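**Student:** To start, I am sharing the structure in question, which I have written as structure tokens.
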Amino acid sequence: MRTAREIRSVEAELLVTEAQQLRKTLFELRNKAVRGKPEKMHEMGQTRRELARVLTIMNERKRGVVTPAPAPQG
């Protein structure tokens, strides 16, 4: 699971691709749960939260509320 800082450093095109991938993963996790094969139920919540982070950052950029990516520490 990545932090918002890490996600903000990613380009817009990659965020769209990542959002699609997270939606697909969430769909698959829900299907497993419905079929009675829940293995790692915590993954559903983690995936949902990460998708929300990605979508939030995409909307921030769309609105122009861009928070600059922090300089790497080290």
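Values quoted throughout were computed directly from the atomic coordinates according to the rules given, and no laboratory measurement underlies them. For clarity, every value in this text was computed on a predicted model and none was experimentally measured. With ideal geometry, Cβ positions are generated from the backbone for all residues, glycine too; neighbour counts draw on all protein chains shown.
**Student:** Of the lysine pairs in the chain, how many meet both conditions: Cα atoms under 21 Å apart, and a spacing of 8 or more in sequence or different chains?
**Tutor:** Details: Lys24/Lys32; Lys24/Lys37; Lys24/Lys40; Lys32/Lys40.
Pairs that pass both the separation and distance tests number 4.
**Student:** Next question, about the same structure. Determine one quarter of the surface area of the Cα convex hull of region 22-65, which equals its mean projected area, and express it in nm² to one decimal. Spell out each step's value before the answer.
**Tutor:** Values: hull surface 12.1 nm².
Spelled out: convex hull of the Cα atoms, projected over all directions, averaged, 3.0 nm².
**Student:** Sticking with this structure for a sec: Report the Cα centroid-to-centroid distance between region 1-17 and region 44-67 in angstrom, as an integer.
**Tutor:** Taking the Cα centre of each part, region 1-17 and region 44-67 sit 8 Å apart.
**Student:** Let me ask something additional. Net charge within 15 Å of Glu13 by Cβ-Cβ distance, Lys/Arg positive one each and Asp/Glu negative one each, not counting Glu13 itself? Spell out each step's value before the answer.
**Tutor:** Numbers: positive: Arg8, Arg61, Lys62; negative: Glu11, Glu18.
Result for the local shell: +1.
**Student:** So for the chain, what percent of the C-alpha to C-alpha distances run longer than 15 Å?
**Tutor:** Working: 1556 of 2701 pairs.
In whole percent, the long-distance tail amounts to 58.
**Student:** Which value in deg cm²/dmol, rounded to the nearest 500, describes the helix-derived mean residue ellipticity at 222 nm for the chain, given -39,500 (n - 2.57) per DSSP H run of n ≥ 4 and division by the residue count? Working shown, then result.
**Tutor:** On the way: 3 runs with 50 residues, N = 74.
Computed mean residue ellipticity for the chain: -22500 deg cm²/dmol.
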